[in-house]
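Let me begin by handing over the structure; questions about it come next.
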């Protein structure tokens, strides 16, 4: 009985001490905006300041290393950002290879909107190195409802990304 009471009384104090040790009042946290421009303005930008580096890393290329400071293939990463420039980027993880866009409605079709989740699957420039999930919604009265997407839509975006990645690779080899 005494041990249980001691544990119940001391547990909140131990938990408070652990949480207090984790916080630091003089540390500033700079969470990124939902736009790529914010990333480009920061030191060691999302696209890289030199040779696709990230956070000011070295731009030296090691034989067989095409990633620079990224966790994924730099050509696929850059090609993906180039291909979806018309859509607002909600989240971008260059180490995990995930880019999530926000909803985008084209001016020509304001009654439907699209969202993309793009996954870059590795460091190699391969045809199966990128996957795109496309989401579509249509306006129904006062709100939006999910709508089907043609199966070829994701494949077409993947093809556009791969074509741009090949262009970037070929221009860097010259």
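The values are calculated or read from the model by the stated rules, or taken from the named source; none is laboratory data. Predicted, not measured: the structure shown is a model, and the values here were computed from it. Here Cβ is always computed from backbone atoms with ideal geometry, including for glycine, and neighbour counts include all displayed protein chains.
Among the residues that make up segment 96-103, is at least one of them part of a loop (DSSP other than H, G, I, E, B) and out of contact with any strand residue (DSSP E or B) (no Cβ under 8 Å at 6 or more places or on another chain)?
Of the residues in segment 96-103, the ones part of a loop (DSSP other than H, G, I, E, B) are 96-97, 102-103.
Now restrict to residues that are out of contact with any strand residue (DSSP E or B) (no Cβ under 8 Å at 6 or more places or on another chain): 96.
Scanning segment 96-103 turns up at least one residue that is part of a loop (DSSP other than H, G, I, E, B) and out of contact with any strand residue (DSSP E or B) (no Cβ under 8 Å at 6 or more places or on another chain).
Further question: Given the conditions (1) touching a residue at least 12 places away in the same chain (Cβ under 8 Å); (2) loosely packed, with under 15 Cβ neighbours inside 10 Å, report the number of the one that residue 144 does not fulfil.
(2)
Of the conditions (1) modelled with pLDDT of 90 or more; (2) within 13 Å of the chain's Cα centre (by Cα); (3) buried (at least 18 other Cβ atoms within 10 Å of the Cβ), residue 83 satisfies every one except a single condition; which number is it?
All conditions pass for residue 83, except number (2).
Of all residues in segment 91-114, which are within 20 Å of residue 143 (Cβ to Cβ), surrounded by fewer than 17 Cβ atoms within 10 Å (Cβ to Cβ) and without any contact (Cβ under 8 Å) to a residue 60 or more places away in the chain? Even if it seems obvious, please write down each step before you answer.
Initially, segment 91-114 is screened for residues within 20 Å of residue 143 (Cβ to Cβ), giving 102-106, 109-114.
Then drop every residue that is not surrounded by fewer than 17 Cβ atoms within 10 Å (Cβ to Cβ), which leaves 102-106, 109-112.
Of everything in segment 91-114, those that are within 20 Å of residue 143 (Cβ to Cβ), surrounded by fewer than 17 Cβ atoms within 10 Å (Cβ to Cβ) and without any contact (Cβ under 8 Å) to a residue 60 or more places away in the chain turn out to be 103, 104, 105, 106, 109, 110, 111, 112.
Here's a follow-up. Please tell me if residue 132 is within 23 Å of residue 167 (Cα to Cα) and modelled with pLDDT under 90. Before the answer, list the steps.
Values: within 23 Å of residue 167 (Cα to Cα): yes; modelled with pLDDT under 90: no.
So residue 132 fails the test.
Please find, among 93, 128, the residue that is within 13 Å of the chain's Cα centre (by Cα) and on the phi < 0 side of the Ramachandran plot.
Numbers: 128 fails: within 13 Å of the chain's Cα centre (by Cα).
Just a single option satisfies the conditions, and that option is 93.
Output the number of the condition that residue 36 fails; it satisfies all remaining conditions of (1) modelled with pLDDT of 90 or more; (2) closer than 20 Å to residue 160 by Cα.
So the condition that residue 36 fails would be (1).
Collect the residues in segment 122-143 that are in a loop (DSSP other than H, G, I, E, B) and over 21 Å from residue 110 (Cα atoms), keeping them in residue-number order. Can you show your working first?
Restricting attention to segment 122-143, the residues satisfying the condition of being in a loop (DSSP other than H, G, I, E, B) are 122-129, 141-142.
Residues satisfying the conditions are 122, 123, 124, 125, 126, 127, 128, 129.
State the number of residues belonging to segment 86-128 that are under 30 Å from residue 145 (Cα atoms) and in contact with a helix residue (DSSP H, G or I) (Cβ under 8 Å, 6 or more places away or on another chain).
Total satisfying the criteria: 7.
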